[in-house]
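Below is one structure, written out as structure tokens, with a few remarks after it.
The values are calculated or read from the model by the stated rules, or taken from the named source; none is laboratory data. Quick caveat: nothing in here was measured; it's all calculated off a predicted structure. Every residue, glycine as well, gets a Cβ built from its backbone with ideal geometry; the counts of neighbours run over all protein chains shown.
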Amino acid sequence: MGEYVLGMKPSALFSSRVVSLHVPRSGRAADTMHRRPFNPDDAPFLWEALYHAVFVPPGEEAPAYEIVKHPELKYCVAGWMRHPGDFGFVVEENGVRIGAAWLRRWSGRERGFGFVGEETPELSMALLPEYRGRGIGTRLLRHLLSAAEEFCDAVSLSVSEMNPARRLYEREGFMAFSAPEGDSITMIKRFASGNTAQQLWGINSERDYAR
């Protein structure tokens, strides 16, 4: 799946303040973008991001939007911020959402394609197509991983072996967790800190980010 994956001190990294990202665009002055924590109003955009996260091989037709209702996909968004530990960031340009990266931990029969265990959150990430190839996704991924390192031991994902995003994940320390299934591979990034502060999984609201 596409940039989607099929694939900190709380007072500092969970701050609700807006952070500016200066991203140069070839031949133009630098654009200023803003990254902020999720809030409940972002749920509709997450469905759009989830759709754009589905990897479409070159030359193939994009799937119907209804693909986001596939069980292993819809679990990544359904009931957003009502699920313990929902956590992530949105990137905006001029107040318009253009991308997102988020984590969700699974339990019971709710499992994404990148499931490796109930204590390991699965990463999902997507940018709108016109914003790819400008380094925005790299910056967003690094910020999310920096935050995640403070409250979990590892992060997993699933990505198509043909997806160029796989190279980004490998550069950021993800390694194969298991043999490929079909055209997808499950990957995991383990944090050197080995943080086991699982109680921080209760952080899932904008109010909590600001603590």
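With respect to the stated conditions, GLU93 fails to be farther than 22 Å from ARG35 by Cβ and surrounded by fewer than 22 Cβ atoms within 10 Å (Cβ to Cβ). Just checking, does region 193-207 include any residue being surrounded by fewer than 13 Cβ atoms within 10 Å (Cβ to Cβ), closer than 15 Å to LEU103 by Cα and at pLDDT below 80? Checked region 193-207: at least one residue is surrounded by fewer than 13 Cβ atoms within 10 Å (Cβ to Cβ), closer than 15 Å to LEU103 by Cα and at pLDDT below 80.
Tell me, please, whether a residue that is at pLDDT below 85, small (Gly, Ala, Ser), surrounded by 16 or more Cβ atoms within 10 Å (Cβ to Cβ) and over 17 Å from the mean Cα position of the chain (by Cα) can be found in region 10-32. There is at least one residue in region 10-32 that is at pLDDT below 85, small (Gly, Ala, Ser), surrounded by 16 or more Cβ atoms within 10 Å (Cβ to Cβ) and over 17 Å from the mean Cα position of the chain (by Cα).
Only a single item in (1) farther than 21 Å from TRP47 by Cβ; (2) at pLDDT below 95 is not met by SER158, and it is number (1). When residues in region 43-80 are screened for being part of a loop (DSSP other than H, G, I, E, B) and either buried (at least 20 other Cβ atoms within 10 Å of the Cβ) or not aliphatic (A, V, I, L, M) (or both), 15 of them pass.
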